[in-house]
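Have a look at the structure below, then the notes.
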Amino acid sequence: MSALPNPFTATKPIKTSETLPDVRDDLMGKDLLVTGPTTPGLSPTLEAPQTPWPHQDIGVFEGQAIMGLHGGAGATTLSILLGESALDVGRAWPHSQSTRTQAPWPLPVIAVARTDRTGLSSAERFIRSWANSQLTGSKLSALVLIEAGPRTSEARKKATKRLLRMVPRGVHIPWMDSWLDTPPDPNRLPGRIKRIIKLLNTPTQ
């Protein structure tokens, strides 16, 4: 006869992945991403910004770098959702001068910005730097634009769509009102957000 479990013994809860009700994306429809130029130099009409984008040496690292294009861009949140292989590197373009690294280079970089005026302006300056081959030592993997509010103007919608098509992969994350109350839980996400995270974690050629 097996012993009955002790009701006074604390049990550790088991974390399970839960899919919350899906979210709509009026900007992207059913598409999760749009694609554009895979290498710099394919948009010759884009002028280089007068002030070069800052660079930083991040030393030895294997994974993908998440770079915020301005304060409050959402890079920390995105890096948490992407998991342990993602590193929030701040606002400077990452590269490595270390000869000790065994990680595959160039390092994949995901740039993040909000869809407000500051975010879209920063994203455009960043794209102009990338398109004019000012960002070297790593490889731009994707640009993620996170919706800045529950409503957006037609002008900002148009600007968001235009910027997403100017990079190898453009991804839009719709407004998530629940994230204002609590940080997003990687184990409890709407289906669309889960699919986006899976896509961003898929290496590109």
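Derivation of every value follows stated rules applied to the coordinates shown; laboratory data play no part. What you are looking at is a predicted structure, and each value in this text was computed from that prediction instead of being measured. When we count neighbours, we look across all protein chains shown, and the Cβ atoms used for this are built from the backbone with ideal geometry, even at glycine.
Observations, loosely collected:
- Taking amide H positions as modeled 1.01 Å from N, with prolines and chain starts lacking one, the residues under 5 Å from R114 and 5 or more places away or on another chain are G119, I146.
- ³J(HN,Hα), Karplus 6.51/-1.76/1.60, whole Hz, each residue of region 173-180, x for Gly, Pro: 9, x, 4, 10, 4, 5, 6, 6
- Shape call, region 76-205: gyration tensor on alpha carbons, a/c limit 1.5: oblate
- For A86, nonlocal amide neighbours, meaning residues 5 or more places apart or on other chains whose placed amide H falls under 5 Å from its own, are Q64.
- Nitroxide proxy distance, nm - points 7 Å out along Cα→Cβ at A155 and I80: 3.3
- Taking the Cα centre of region 46-205 as origin and assigning +1 to Lys and Arg Cβ atoms and -1 to Asp and Glu Cβ atoms, the resulting dipole is close to 620 debye.
- The length gained by stretching the chain between K198 and R117 to full extension, at 0.36 nm per residue less their Cα-Cα distance, is 26.3 nm.
- Shape call, region 52-150: gyration tensor on alpha carbons, a/c limit 1.5: oblate
- Residue-wise HN-Hα couplings along region 23-38, as the Karplus relation 6.51 cos²θ - 1.76 cosθ + 1.60 with θ = phi - 60° gives them from phi, are 10, 8, 10, 5, 6, 9, x, 8, 6, 8, 8, 10, 10, x, x, 8 Hz; Gly and Pro carry x.
- Annotation: aspartates and glutamates with alpha-carbon distance below 13 angstrom to K194 (same-chain offsets under eight excluded): E18, D22, D185.
- Between R188 and D22, the modelled label-to-label distance comes to 2.2 nm, taking each label 7 Å out from Cα in the direction of the beta carbon.
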